[in-house]
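Asker: Structure provided below as structure tokens; questions to follow.
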Amino acid sequence: MEPAARSGAGRAAAAAVLCAAVLAVPALFGAFAQYFALNVLLLMLLALSFNLLFGMTGLLSFGHAAFYAAGAYSTALLLRAGAPLFPAVIAGALCAAVLAAVVGAFCVRHTRVYFSMLTLAFGMFVYAIVWKWTDVTGGDDGLVGIPRMRLGLPGPFDLNLAPLRNYYWFAALLVLASAGLLHRLSRSPLGLALRAIRENAERAEFSGIRVRRTIFLAFVVAGAFAGLAGALLAPLEQTVAPTAAHWTKSAEPVMATLIGGPFSFAGPIVGAVVYLGLKEIIVRFTEYWLLVFGLVLLGVVLAFRGGLLGAAEALLSRRPWMSGPRTPAAASPR
Amino acid sequence: MGRVLLFQGLVGLTEAMYLWLVAAGLSLIFGVLRVLNFAHGALYMIGAYLTYAVFRAFGGNFWVALLVGPVLVALIGWVMEVFFLRRVYRADVAFQLLLTFAFVLILDDLVKLVFGPVYQSPPTPRSLSGAVMIFGSPLPTYHLFILAAGGLVALGLWLFLEKTRWGLLVRATAADREMARALGVRSSRLFTGVFMLGAWLAGLGGALSIPVRSISPGMGELIIIEAFVVVVLGGLGSLRGAFIGSLAIGLLHSYGIVFLPVFELALAYLVMAAVLVVRPWGLFGVREA
């Protein structure tokens with residue numbers, strides 16, 4: 001029997017509930033909840049873009065913060081130069097896509113072990129540039145005083161985004177639209193090709209899929225959406241700091257995705273909520289929250305490779321938790 | 001000018017030795033276990049902290065600390081391999097990487113928790129605190145000691161791998177794991193041993209660094225990135241590649257600071273990118289089938 005979450009109607013219902021919940025936040029809660037919800041949404045987008053590479057393609061990126069930071073910094077610079085918000089955010093995502101194309105050209109040619117190593121190395125290279133190129137990035141201090149004014153769309157759509165509530169609507173809609181796009185992408189021919197590569201790259205190549213080009217395309221798309229998440233961060237915080245490019249930032253989408261479950265589209269969404277919720281609680285007790293999440297990650301890797309959704313699905317279909325057909329052992333032997 | 005260049009080269013080779021110790025362990029572990037240990041930089045850092053702790057506990061005897069500290073790191077390596085890594089050898093490679101990555105998060109914060117987030121800098125041992133005039137400039141005696149230590153480790157590893165029975169088994173397993181197992185190599189003990197040896201090398205690097213580099217929680221991430229550049233250069237799994245790669249990166253840094261101070265950091269990455277384009281499997285690596 002198909003579990004409800006896997007059937008078409010169940011999936012549509014889940015998406016509707018998510019959208020309703022996201023859009024209800026400003027009506028029901030105050031500024032702190034809106035700010036927190038926006039942070040969850042941005043991590044959601046970052047994790048979804050990470051999982052386009054990990055869950056679908058089997059490529060584990062440890063340098064996703066590079067694209068996040070590229071989006072954040074380029075949008076911040078444009079806004080400080082007086083650009084309207086909407087074009088600045090889109091430009092930020094495009095800048096991240098360009099960076100992803102450059103980095104991707106080096107990373108996608110290799111085995112999966114090399115891929116993870118190179119993404120971390122290039123990610124830290126971007127961090128070092130952000131840290132040292134003080135004239136442009138502000139170095140250690142980052143960029144401060146980023147304005148959040150007009151949206152920059154024609155006519156009645158030219159909203160003033162200075163109030164947090166207005167910015168919430170704008171950012172939330174953009175994240176939901178992106179999530180919808182990414183979902184469409186996962187069902188598209190490109191998505192199927194990526195899955196085929198994950199299962200067996202060699203066989204995919206023989207069946208006519210141009211493996212490298214397909215992976216490269218996925219890498220650039222993932223970079224663009226990670227950049228969009230960063231671009232939306234800059235006007236929210238109105239400052240950007242180098243920590244946005246640090247490897248500990250790259251670890252966040254990794255942990256959110258692994259907690260939620262990398263083998264279903266909704267995994268990173270659930271994971272982002274759980275991760276930031278847990279973090280919010282943990283930081284009240286200790287500043288060593290990375291230690292706690294390191295232990296959580298250890299537990300997930302050893303016992304719950306399907307994450308929360310994988311465990312739930314196994315429970316619903318009364319399969320033993322580790323033996324579902326979507327468990328990683330079925331992935332390619334490389 | 002020529003003498004200054006030679007001297008600067010010597011300084012670069014010294015810096016290369018720390019990198020060599022880390023890259024050697026990383027490459028050795030990958031060659032045999034086929035696991036890329038992201039926590040190797042963290043082991044280097046733990047090596048520095050533990051050696052410093054032993055140094056203080058034993059009334060400031062550097063030599064005792066140098067002997068004990070890296071062995072403690074090897075024991076941490078034993079725990080990592082026997083209780084954790086061993087459970088994911090059959091899983092997808094991504095989960096092996098994630099496991100070692102989890103250890104980066106854990107070890108980094110654990111060190112901050114135990115030793116505090118501040119820098120520490122212990123003194124140089126008295127017998128090595130002087131300086132020697134070489135090429136017209138004073139080189140700290142400790143640098144010479146580092147050069148000798150790095151060279152000795154390289155020689156020792158070569159002798160171990162080429163001349164001993166254990167070394168033979170390690171090479172056989174690296175070359176063809178299934179065949180070695182079929183011929184009776186007890187691979188689980190071998191894996192544990194190699195992982196401990198790799199951890200010991202990283203710990204030794206950290207231990208040797210404490211008199212000249214200040215100890216901080218961020219030292220692990222710096223060296224692991226450089227070690228990645230080295231193994232990309234030399235070829236993952238090749239010890240000769242790790243040695244030559246370390247020397248190249250060390251020299252690149254020391255000359256880069258003199259000639260192109262602005263681009264010093266980018267230089268290593270540019271070289272790495274060039275190698276990736278021309279020889280993606282590294283200068284001494286074997287092309288993956």
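Bear in mind these aren't lab numbers, they're just calculated from the coordinates by the rules spelled out. All of these numbers come straight from a predicted model, not from anything done at the bench. Positions of Cβ are backbone-derived with ideal geometry, glycine not excepted, and every protein chain shown enters the neighbour counts.
Asker: So how far apart, in nm, are the two label points at B:F58 and B:R126 if each is 7 Å from Cα heading toward Cβ?
Answerer: With each label placed 7 Å out from Cα toward Cβ, I get 1.7 nm.
Asker: Could you tell me the calculated FRET efficiency between A:R184 and A:V17, based on Cβ-Cβ distance and R0 = 22 angstrom, to the nearest 0.05?
Answerer: Computed FRET efficiency for A:R184 and A:V17: 0.70.
Asker: Give, as a single signed number, the net charge of other residues whose beta carbon lies under 13 Å from the beta carbon of B:L99, with Lys and Arg counted +1 and Asp and Glu -1.
Answerer: Neighbour charge sum, excluding B:L99 itself: +2.
Asker: Calculate the FRET efficiency for B:R279 and A:Q238 from the Cβ-Cβ distance with a Förster distance of 41 Å, rounded to the nearest 0.05.
Answerer: It comes to 0.35.
Asker: Please express the Cα-Cα pair-distance distribution P(r) of segment A:35-90 as a list of whole percents, one per 5 Å bin, running from 0 to the bin with the greatest distance.
Answerer: Once binned at 5 Å, the Cα pair distances of segment A:35-90 give 5, 17, 19, 21, 19, 11, 6, 2, 0.
Asker: Roughly how crowded by other chains is peptide B:103-114, in terms of the mean Cβ count from those chains within 10 Å of each of its Cβ atoms?
Answerer: Partner-chain Cβ atoms within 10 Å, mean over residues of B:103-114: 5.
Asker: Ranking request for peptides A:99-111, B:189-201, B:223-235, A:159-171: highest mean number of other beta-carbon atoms within 10 Å first, then the rest in descending order.
Answerer: Most protected by this proxy first, the peptides run B:223-235, B:189-201, A:99-111, A:159-171.
Asker: Distances longer than 34 Å among the Cα atoms of the protein assembly as shown: what percent of all pairs is that?
Answerer: 44
Asker: Ignore the peptide's own chain and count Cβ atoms of other chains within 10 Å of each Cβ in B:264-270; give me the average, rounded.
Answerer: 3
Asker: For segment A:13-244, what does the convex hull of the Cα positions come to per residue, in cubic angstrom?
Answerer: 124
Asker: In degrees, nearest 10, range 0 to 90: what is the angle between the Cα axis of helix A:307-316 and the longest Cα principal axis of chain A?
Answerer: 50
Asker: Separate question: Inside 10 Å of the C-beta atoms of A:114-127, what's the mean count of C-beta atoms belonging to other chains?
Answerer: That average works out to 6.
Asker: What is the order of A:S186, A:S264, fewest Cβ neighbours within 10 Å to most?
Answerer: A:S186, A:S264
Asker: What's the ranking of A:222-228, B:148-154 by average number of surrounding C-beta atoms within 10 Å, highest first?
Answerer: Final packing ranking: A:222-228, B:148-154.
Asker: How high is the relative contact order of segment A:13-244, in percent, counting Cα pairs under 8 Å that sit 6 or more residues apart?
Answerer: 39
Asker: Applying a 10 Å radius around every beta-carbon, put B:160-168, A:251-259, B:13-21 in order of their mean neighbour count, most first.
Answerer: A:251-259, B:13-21, B:160-168
Asker: If I take the Cα coordinates of segment A:226-278 and project them onto the principal axes, what are the three extents in Å, biggest first?
Answerer: Principal extents (largest minus smallest coordinate, Cα): 33, 21, 19 Å.
Asker: Give the lysines reachable from A:K249 as a straight Cα distance under 17 Å; neighbours fewer than 8 places away on the same chain don't count.
Answerer: Leaving aside lysines fewer than 8 places away in the same chain, those within reach of A:K249 are A:K279.
Asker: Taking every pair of alpha-carbon atoms in segment B:69-168, give the share separated by more than 21 Å as a whole percent.
Answerer: 64
Asker: Let me ask another. So what's the Cα pair-distance distribution over chain B, bin width 5 Å, in %?
Answerer: The distribution over chain B is 1, 6, 11, 16, 18, 17, 14, 9, 5, 2, 1, 0, given as percents.
Asker: Using only helices, what value at 222 nm comes out for chain A when you add -39,500 (n - 2.57) per DSSP H run of length 4 or more and divide by the total residues, to the nearest 500 deg cm²/dmol?
Answerer: Dividing the helical sum by the residues of chain A leaves -23000 deg cm²/dmol.
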